[in-house]
Structures are given as C-alpha cells and as structure tokens.
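For reference, the structure is listed below as structure tokens.
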Amino acid sequence: MADTPERDRQTYAIIGVAMEVHRHLGHGFLESVYGEALRSELSAREMPFQFEVPLPVHYKGRLLSASFRADLVVYGEVIVELKAQRVLVGSDEAQLINYLKASGFSRGLLLNFGSPSLAYRRLVLSANQPTNILR
C-alpha cells in the first residue's frame, strides 16, 4: 500500500509531538519518562493512541507463545518504538521491523530521545521488504 499525503501527515505529526517532548525534556531521562510525556502530549493534541500494545506472533496459522509489545500504536496503524540511548543501532531497527511483521502494519517510527537532538527513523514495510526513509 502506497503512502498517501494523509498517511504522511500522520507520521510527521507524531514526529512533531516527539520533537516537542524532546525540546522540553532534553536528553538524559529514562525511556519511561519520555513515554509518559509523549502520551501526555498525544492526549493534549487529541491524537488517538494505545500504549503497550500486545503483538501476537503466528507461525503457519498457529499462535506462538512468543509475542511482542509495542510501546505505542498511534492512529490505530503506526507503531512507535521509543528509545533513550546515545545512538540507535541495527538491532533497534530490526526490532521495529519484527513488530511491523507481527502486526501487519506497514508504517513504524523509531524515536530516540537519548541524544542531544531527537533522532528518528521512519520505516515502511512493503511486500515484506523494509524501506528505511530518513526525514
């Protein structure tokens, strides 16, 4: 499914919320602090979200006992994974890709509050091939 201008507006709006949180808190707090501030800002802007969303994993039609938990799902279709570390590494992106595959969603944001400037990656999963779009 191709991104439409409306779908892009959603991810950019989420990034804007994250920038606002980072602008006020800076870096150095735990991930849980940024998560709570982000949820507060999403609520204030009346952006629908779910917190700690379970993501079951299926194998050949069978539900596995292993599962994931997404930090946030915003607008019912964008997975948001939060980090508070100095730099993002490949395993952080791989984690988000796994969440996208498990959920069936096509878009995800990886937000890192641990550096002096907010770092983010927008991932679009299309036909089981991740495309990393940095903006």
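Quick rundown of the values:
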{"item": "Lone unmet requirement of (1) modelled with pLDDT of 95 or more; (2) buried (at least 19 other Cβ atoms within 10 Å of the Cβ) for residue 20", "result": "(2)"}
{"item": "Residue ID - farthest from residue 70 (Cα to Cα), chosen from residues in the stretch 107-128 that are in a strand (DSSP E or B) and in contact (Cβ under 8 Å) with a residue 60 or more places away in the chain", "result": "126"}
{"item": "Subset of the stretch 50-95 [of a type in the set (A, V, I, L, M, F, W, C) and within 19 Å of residue 19 (Cβ to Cβ)]", "result": "72, 74, 78, 79, 80, 82, 84, 87, 88"}
{"item": "Boolean, residue 66 is over 24 Å from residue 114 (Cβ atoms), assigned to a strand (DSSP E or B) and either touching a residue at least 12 places away in the same chain (Cβ under 8 Å) or out of contact with any Asp or Glu (no Cβ under 7 Å at 6 or more places or on another chain) (or both)", "result": "yes"}
{"item": "Residue within the stretch 85-96 that is closer than 23 Å to residue 46 by Cβ, of a type in the set (A, V, I, L, M, F, W, C) and out of contact with any helix residue (DSSP H, G or I) (no Cβ under 6 Å at 6 or more places or on another chain) present", "result": "no"}
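The values are calculated or read from the model by the stated rules, or taken from the named source; none is laboratory data. Only a predicted model underlies this, so the values are computations on that prediction, with no experimental measurement involved. Cβ atoms come from the backbone with ideal geometry, glycine included; neighbour counts cover every protein chain shown.
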